[in-house]
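The values are calculated or read from the model by the stated rules, or taken from the named source; none is laboratory data. Keep in mind the model is a prediction, meaning the values are calculated, not measured. Cβ placement follows ideal geometry from the backbone for every residue including glycine, while neighbour counts extend to all protein chains displayed.
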Amino acid sequence: MDDFLSNPAVQGGLAPFVAALVVALALQPLRLAGLSVVAAFATCAYFVSGFQLTPLTATRKILLLSIAAPLLGVLVDFAFKPTRVGAALLALGAGAAALWAFWPVLAQRSASEAWLLGGTAALALAFMVGFAQLQLAGDAVRAGSAALGLGLGTGVAAIFSATALYGLYGIALGAGAGGFLLPQMIRGRKSFAGATFTLSAMLTGGLVGAGAMILAQLPWYSLAVLAFVPVAARLPAPEKAPLWLQAVIFSVYAFVVAGVACLLAWPSPLQS
């Protein structure tokens, strides 16, 4: 059993997917199926590194923010009405969270490098969170497809960038999105996404990508491309198509953009 649970495919894929599926099925009647994505990420983190939060490294800050995001998302969904001002505040908060998570590392870089990496991380997270809240929170299929593409794309790009840990985190996020999408595809009925799902998925995915950029070798422009994965999920699909087919189409859109980001992260011969 220990060998099974220590398998990276189980830690980053199977176990997070099962956790997300269970949470999605159990909490869908309460409009809390969006918690599935944090369940997936937390499951991976438990198997890979545990839940110790001290000393508060950049990676542990990502874990802490991934836990705080759905709590804030639930508050936004059930205590406030969605507004453009609210989306803007969430976007600004996401950008600030990125700087908080990685500031000790950025402070050790040259000024130009710190501005480039820190600015890219902050802008990418702000854009993803703000766009998802405005354009995807009301459509659980599009939101799930965007998270699926972002998670898997970030995971593969992180592996290409020489960080297996962040690769597992990204893939786990994609697995969580798959667990959120699958019940909708089978039932032919949409769940509720809201900020509970979109804030968790976009903030966590963006932070993992930013970590792969700042702490490893992910090019800044690869993260910039990943930021447009949610936009791809907004592209049109046949309105009368079955829900499962819409999910496939939206996911393919997201995979195309994520694939470009992965190609940009592919190691060149000079890096080998």
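When region 11-24 is filtered for residues that are buried (at least 17 other Cβ atoms within 10 Å of the Cβ) and either touching a His at 6+ places or on another chain (Cβ under 9 Å) or not small (Gly, Ala, Ser) (or both), the ones remaining, listed by number, are Gln11, Pro16, Phe17, Leu21, Val23. Taken over region 98-115, residues that are surrounded by fewer than 12 Cβ atoms within 10 Å (Cβ to Cβ) and not aliphatic (A, V, I, L, M) amount to 3. Where the second residue is part of a helix (DSSP H, G or I) and not basic (Lys, Arg) and the first is free of Cβ contacts under 8 Å to residues at least 12 places away in the same chain and closer than 20 Å to Ala88 by Cβ and lies in region 61-73, which pairs have Cβ atoms under 6 Å and are six or more apart or on separate chains? Close Cβ pairs satisfying both conditions: none exist. If you go through region 188-240 and keep only what is closer than 19 Å to Gly176 by Cβ and basic (Lys, Arg), you end up with just Lys190. In summary, Asp77 fulfils each of the numbered conditions (1) within 14 Å of Val129 (Cβ to Cβ); (2) crowded, with 21+ Cβ neighbours inside 10 Å with the single exception of condition (1).
Annotation for region 109-131: at least one member residue is among the polar types (S, T, N, Q) and in a loop (DSSP other than H, G, I, E, B). Does at least one position in region 232-245 carry a residue that is out of contact with any Lys or Arg (no Cβ under 8 Å at 6 or more places or on another chain), assigned to a helix (DSSP H, G or I) and surrounded by fewer than 17 Cβ atoms within 10 Å (Cβ to Cβ)? Yes, region 232-245 contains a residue that is out of contact with any Lys or Arg (no Cβ under 8 Å at 6 or more places or on another chain), assigned to a helix (DSSP H, G or I) and surrounded by fewer than 17 Cβ atoms within 10 Å (Cβ to Cβ).
Within region 42-57, can one find any residue that is exposed (fewer than 13 other Cβ atoms within 10 Å of the Cβ) and either acidic (Asp, Glu) or at pLDDT 95 or above (or both)? Looking through region 42-57, none of the residues is exposed (fewer than 13 other Cβ atoms within 10 Å of the Cβ) and either acidic (Asp, Glu) or at pLDDT 95 or above (or both).
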